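Please read the structure below before turning to the comments.
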Amino acid sequence: MFNAITHSTIYVLDQDEALDFYVGKLELEVCADIPLGFMRWLTVCVPGHPEREILLEKPGPPSMSEETAEQVRELVSKGATAGTLFFSTDNCRKTYETLLARGVEFTEEPTDRPYGIDCGLRDPFGNNIRFCERKS
């Protein structure tokens, strides 16, 4: 059957703003930026890991009707359709301080948990992001 997850999708309202956030602030790298005419196929990934891409999709055709896309855009703007991304890091507190200095807004500061140290933030569109320094 299946042997990998290759792509995940989160909705963004502005792909250029999403690039600024995901590449400029989080230091992910662009895997693909392809104008298809009917949509822009824009993916990012953790540097050195192109096998797992995040599609930064603007709601609209061809995956949904324009009427549905408008409803989804409204929900996205309210943070109601937020996706969630989970990243790992070698040093949660240092990553937190670096991103905080870049103006990233956090929903939760680094917190000790039974599985490690993790914290939470949101992207400019309401998508939840967490990253964790796992216990050894």
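The values are calculated or read from the model by the stated rules, or taken from the named source; none is laboratory data. In this text, all values refer to a predicted model and were calculated from it rather than measured experimentally. Here the Cβ positions follow ideal geometry from the backbone for every residue, glycine too, while neighbour counts run over all protein chains shown. When the accessible area is computed, the model is the full protein with side chains, heavy atoms only, and any ligands, DNA or RNA have been set aside. Shrake-Rupley method; radii C 1.70, N 1.55, O 1.52, S 1.80 Å.
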Review point. Using a Gaussian network model of the chain with C-alpha springs under 10 Å, which one of A69, A18, A101 is most mobile by mean-square fluctuation?
Key: A101
Practice item. Using a 10 angstrom cutoff on alpha carbons, build the Gaussian network for the chain and name the most mobile of T111, T95, T43. Key: T111
Practice item. Determine the dipole magnitude for segment 1-117: charges of +1 sit on the beta-carbon of Lys and Arg, -1 on that of Asp and Glu, nothing else is charged, the reference point is the Cα centre, and the result goes in debye to the nearest 20. Key: 240
Check your understanding: Considering only DSSP states other than H, G, I, E and B, which GluC sites (Glu not before Pro) in segment 80-116 qualify as loop sites with at most 16 other Cβ atoms within 10 Å?
Key -> E105
Revision key, fill the gap. With every protein chain kept in place and a 1.4 Å probe, the chain has an accessible area per residue in Å² of 61
Review point. So which chymotrypsin sites (Phe, Trp or Tyr not before Pro) in segment 1-84 pass both tests, a DSSP loop state and at most 16 other Cβ atoms within 10 Å of the Cβ?
Key: F2, F38
Practice item. Quick one: which residues, 5+ away or cross-chain, put their amide H under 5 Å from the amide H of S8? H built at 1.01 Å from N. Key: E53, I54, L55
**Study point:** the chain - Rg and Dmax from Cα coordinates, angstrom
**Key:** 15.7, 49
Check your understanding: Which whole-Hz ³J(HN,Hα) couplings does segment 128-136 yield from phi under the Karplus relation 6.51 cos²θ - 1.76 cosθ + 1.60, θ = phi - 60°, glycine and proline marked x?
Key -> 7, 10, 10, 9, 9, 9, 6, 5, 7
Review point. Which cross-chain or sequence-distant (5 or more) residues have an amide H under 5 Å from the amide H of L28, H modelled 1.01 Å from N in plane?
Key: V23
Study note, to complete from the structure: Any lysines whose Cα falls less than 19 Å from that of K58, other than same-chain ones fewer than 8 residues away, would be K78
Practice item. Could you pull out every residue, at least 5 positions away or on a different chain, whose amide H is within less than 5 Å of the one on L85? Hs are placed 1.01 Å off N in the peptide plane, and Pro or chain starts have none. Key: N128, I129, R130
